[in-house]
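Undergrad: Here it is, the structure in full.
Quick note: the coordinates plus some simple rules give every number you see, no bench work behind them. These numbers were taken from a predicted model, which means no experiment stands behind them. With ideal geometry, Cβ positions are generated from the backbone for all residues, glycine too; neighbour counts draw on all protein chains shown.
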Protein chains: 2
Amino acid sequence: MDADELEPTVRPRRQPVMSDVGRLAGVSHQTVSRVINGSRHVSPTTRERVLAAMRELDYRPNPIARALVTGRTRTIGVVSFDTTLYGPASTLFGIERAAHEAGYFIVIASLRALDSDSVVEAVQRLRVTGVDGVLVIVFDRAAAQAVLEVQADVPMVAVEAGPEHGVPVVAVDQRRGAILATRHLLDLGHATVHHIAGPADSLEAELRVQGWADTLRAAAVRPSEPLIGDWSAGTGHRLGARLARDGSVTAVFVGNDQMALGLLRALHEAGRRVPEDISVVGFDDIPEAPFFTPPLTTVSQDFGQVGSRSLRVLVEAIESFAQGTQAPAGALIPPELIVRSSSARAAH
Amino acid sequence: MDADELEPTVRPRRQPVMSDVGRLAGVSHQTVSRVINGSRHVSPTTRERVLAAMRELDYRPNPIARALVTGRTRTIGVVSFDTTLYGPASTLFGIERAAHEAGYFIVIASLRALDSDSVVEAVQRLRVTGVDGVLVIVFDRAAAQAVLEVQADVPMVAVEAGPEHGVPVVAVDQRRGAILATRHLLDLGHATVHHIAGPADSLEAELRVQGWADTLRAAAVRPSEPLIGDWSAGTGHRLGARLARDGSVTAVFVGNDQMALGLLRALHEAGRRVPEDISVVGFDDIPEAPFFTPPLTTVSQDFGQVGSRSLRVLVEAIESFAQGTQAPAGALIPPELIVRSSSARAAH
DNA sequence: GGCGGGCATGTTAGCGCTAACCAGCTAGGC
DNA sequence: GCCTAGCTGGTTAGCGCTAACATGCCCGCC
């Protein structure tokens, strides 16, 4: 005679397990498992009894035990740089939203330093938790390289940017965005367009520079040397002060909205009017962009779509990894130009 | 004679497990476990041999199996609203940083809707992954209420705001921040201070309103009715337009920096100069605040500290939960006033 | 010299679940 | 009437690890 027999209903401080449900429903734990996993070989009456028992005990399957036996955890890791920059933060939430819908959980590993070692370390750290796959939000060349170094170990997809080959990449078409912005300014009659670029090691920055320079060359204009910032309003301000001093500058395409904000501030301080004297176009369309002085013309990226597409690609990669088939293709998401008041027809 | 005997070194496509290491080192899997967990009862020679075997096989312990037997996963869940607002996003990364240092992993669950049901649902969703504890980044009254509803199930700490009792809260002292801002404007000689507040259901907004109103009353000034925004630059702009029309307004304390940006824009459009005609003080000190036109005086919150403190409190709560002892106390983090160019002495 | 007591190690039993196989029952065909 | 097929359900093994107990050894002590 054991304690269970004496007090069958009092079972304090312990989560019910499958066999508890089975006992209450008068079936084996395996039948409970069948009900949970939707096996067809359970009679409707039994199924009902099991479901009732589950409800009564408030039973929830232990995902750890399930993961141990199936080898799948239904969690995916996201490696992101430790930043509140609009793009990465939005992408992260876009991923979470998509993951939720697909029944996955997100474990995050953020990076302190932007070097390839810490990316590799972060992926290893995630791997150890048993994630089924990893999304790496790639910021710079080093991260892109790192993605290739850890590949093969675990299904992986690069987000926002990535290496040319070796791993699927889901990103907004940065070149296209830069072309949109630059052509817009040329179409407004500006003789040339200056550029404040993101950091040299950023792949996104590089693609934007390419799109800008190619568009100018296509219009038979020799691009000036781009100014290199670090995405912050601070460098936008500092570099902007330099542009403000150059009377020939009438149009600037800025690598992101934060730097554009700094530029606007610098132009204001120098007494150059926007858009009358100088037109400015940013990149990202952060929520504050419509409220800059003046409201900013910029290139919008759909980060929600980046998140959901990258998750979908990763799930495909997980399947193909398990089956040993080819990794899926990445995706390029088209950007959109949002015209506001910071860009206008060139004065003569 | 089995396949293992024929090809002892070729073991394709399978992660090595503890007994593989043991076999290679000539000990039992339990001894390997002892080495990994730092038991003292292992001779130095054996330990060395085991470590060498681990290295050779590139062995990594399976955290799922460990979690199954220990009941601890070393992951904690973070519930956050689906937002790129500076505060929550910064807090999230602050938490991740602290968790990394403490050897924990972060699983995130973001909310689509701001109601108490979805908070409860998110916590349940996290619980099911086997998190050891949950941090809830609380935005509004409903979330604070929800925290109390799920309590007891799992160790939990509210971050940024929370209910008065029933669960530890780690937050910046919002009242204190509002007092700092309001007193700063009064000290500059403004007869009164108007206020653009956050949404009515936000606890933080409410505390800021209280701090503002109390400071005015302490100076024998009757507070005007606060204008209610939704934290976005958009409402700041709309409400700001209203204030701009009122010639008597000389000082505005705004509930966050984004709304302050909208207000600055509205004042600019109305031809009211900042700070000559109107002084503006924000809240948060987002990275862009120094580059607003003009650079924004604001209240800075140390979100990194919020993250690390809340993690520390949660870890304490997890321990005390396991031992059945009292839950730990929360923490209030002091804010700091950052004076820039959007506030100045009142004109006469 | 026998014996108790540490210490290093091995053995066993589970954690809660799924997968694989097995058993018993009903129904249908010859 | 018997045999087989097809269903529902049970039994068993094992995922990889830790905890608890068991064992055998060396050492020092009376």
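Undergrad: Once you sort the root eigenvalues of the Cα gyration tensor of segment A:186-258 as a ≥ b ≥ c, which label holds: rounded (a/c under 1.5), prolate (a/b larger than b/c) or oblate (the other case)? Walk me through the numbers on the way to the answer.
TA: Details: a/c = 2.16, a/b = 1.21, b/c = 1.79.
Cα axes put segment A:186-258 in the oblate bin.
Undergrad: For the pair A:D214 and A:A102, how long in nm is the line joining their label points, each one 7 Å along Cα→Cβ?
TA: Between A:D214 and A:A102, the simple spin-label model gives 2.9 nm.
Undergrad: Then there's this: Rounded if a/c is under 1.5, else prolate if a/b beats b/c, else oblate: with a ≥ b ≥ c from the C-alpha gyration tensor eigenvalues square-rooted, which is the protein assembly as shown?
TA: Numbers: a/c = 2.31, a/b = 1.46, b/c = 1.58.
It comes out oblate by the Cα gyration axes.
Undergrad: Let me ask something else about it. Counting only other chains, and only Cβ atoms inside 10 Å, what mean value do you get across the residues of A:262-271? Walk me through the numbers before you get to the answer.
TA: Values: counts 3, 1, 3, 7, 1, 1, 3, 2, 0, 0.
If you average over the peptide's residues, the count of other-chain Cβ atoms is 2.
Undergrad: Over chain B, what is the percentage of antiparallel beta bridges among all DSSP beta bridges, to the nearest 5? Provide the component values of the computation, followed by the final result.
TA: Values: 3 of 33 bridges.
Among the beta bridges of chain B, antiparallel pairing accounts for roughly 10 percent.
Undergrad: Moving on. Per the Debye formula with a single identical scatterer at each Cα and no solvent contribution, what log10 I(q)/I(0) holds for chain A at q = 0.06, 0.09, 0.11, 0.15 Å⁻¹?
TA: The Cα Debye sum returns log10 ratios of -0.33, -0.61, -0.77, -1.14.
Undergrad: Kindly give the distances from B:Q124 to its copy-mates, label point to label point, with each label point 7 Å from Cα along Cα→Cβ, as nm values to one decimal ordered shortest first.
TA: For B:Q124, the inter-copy label distances come out at 4.0 nm.
Undergrad: So, one more: Residues of A:103-109, mean number of Cβ from any other protein chain within 10 Å of their own Cβ, rounded to a whole number?
TA: On the way: counts 0, 0, 10, 5, 6, 11, 5.
Shielding by partners across A:103-109 averages 5.
Undergrad: Using DSSP, restrict attention to beta bridges with both residues in the protein assembly as shown and report what percent are antiparallel, rounded to the nearest 5. All intermediate terms of the calculation are to be shown ahead of the outcome.
TA: Numbers: 10 of 70 bridges.
If I count the DSSP bridges inside the protein assembly as shown, around 15 percent turn out antiparallel.
Undergrad: Going highest first, how would you order A:240-247, B:197-204 by mean Cβ packing within 10 Å?
TA: Numbers: A:240-247: 16.4, B:197-204: 21.2.
My ranking of the peptides, most packed first, is B:197-204, A:240-247.
Undergrad: Now for a separate question. May I ask for the net charge around A:A244, where only other residues with Cβ less than 9 Å from the Cβ of A:A244 are counted and Lys, Arg are +1 while Asp, Glu are -1? Intermediate results must be reported in sequence, preceding the final value.
TA: Details: positive: A:R242, A:R245, A:R272; negative: A:D246, A:E269.
In short, +1.
Undergrad: Determine, for each peptide in B:300-310, A:120-130, the mean count of other beta carbons within 10 angstrom over its residues, then list the peptides with the highest first. Mind dumping the intermediate values first?
TA: On the way: B:300-310: 21.5, A:120-130: 19.3.
Result, highest mean first: B:300-310, A:120-130.
Undergrad: Over chain B, what is the relative contact order in whole percent, taking alpha-carbon pairs under 8 Å and six or more residues apart?
TA: On the way: 670 pairs, mean separation 54.1, N = 348.
Dividing the mean separation by the residue count of chain B yields 16 percent.
Undergrad: Separation of segment A:194-242 and segment A:286-333 by C-alpha centroid, Å?
TA: Spelled out, the Cα-based centre of one part sits 23 Å from the other.
Undergrad: Also: How would you order B:76-86, A:277-287 from highest to lowest mean count of nearby Cβ atoms within 10 Å? Each step should come with its number before you reach the end.
TA: Values: B:76-86: 23.1, A:277-287: 25.5.
Listed from highest to lowest mean packing, they are A:277-287, B:76-86.
Undergrad: Net charge near B:E319: determine it from the other residues with C-beta under 14 Å of the C-beta of B:E319, scoring Lys and Arg +1 and Asp and Glu -1.
TA: Working: positive: B:R72, B:R74, B:R312; negative: B:D132, B:E316.
So the environment of B:E319 carries a net charge of +1.
Undergrad: Tell me the distances, shortest first, between A:A200 and the same position across the other copies, using label points 7 Å along Cα→Cβ, in nm to one decimal.
TA: 5.6
Undergrad: Could you tell me what a quarter of the Cα convex hull surface of segment B:174-301 works out to, in nm² with one decimal place? If you can, show how the numbers build up before the last one.
TA: Numbers: hull surface 26.4 nm².
Mean projected area of the Cα convex hull: 6.6 nm².
Undergrad: Also: Which whole number gives the average, over all residues in B:290-296, of C-beta atoms from other chains lying within 10 Å of the residue C-beta?
TA: Details: counts 6, 16, 8, 8, 3, 2, 0.
Other-chain Cβ atoms within 10 Å of each residue's Cβ, averaged: 6.
Undergrad: How large is Rg over Rh for segment A:152-209, taking Rg from the Cα atoms and Rh as the Kirkwood inverse mean of 1/r across Cα pairs? Please list the in-between numbers first.
TA: On the way: Rg = 15.0 Å, Rh = 13.3 Å.
Taking Rg over the Kirkwood Rh, I get 1.13.
Undergrad: Taking a label point 7 Å out from Cα toward Cβ, give me the nm distances from B:A241 to the same spot in the other copies, shortest first, one decimal.
TA: Spacings between copies for this position, smallest first, are 3.5 nm.
Undergrad: Taking K and R as +1 and D and E as -1, what net charge do the other residues with C-beta under 10 Å from the C-beta of A:D257 add up to? Provide the component values of the computation, followed by the final result.
TA: Working: positive: none; negative: A:D284, A:D285, A:E288, B:E288.
Around A:D257, the charge tally is -4.
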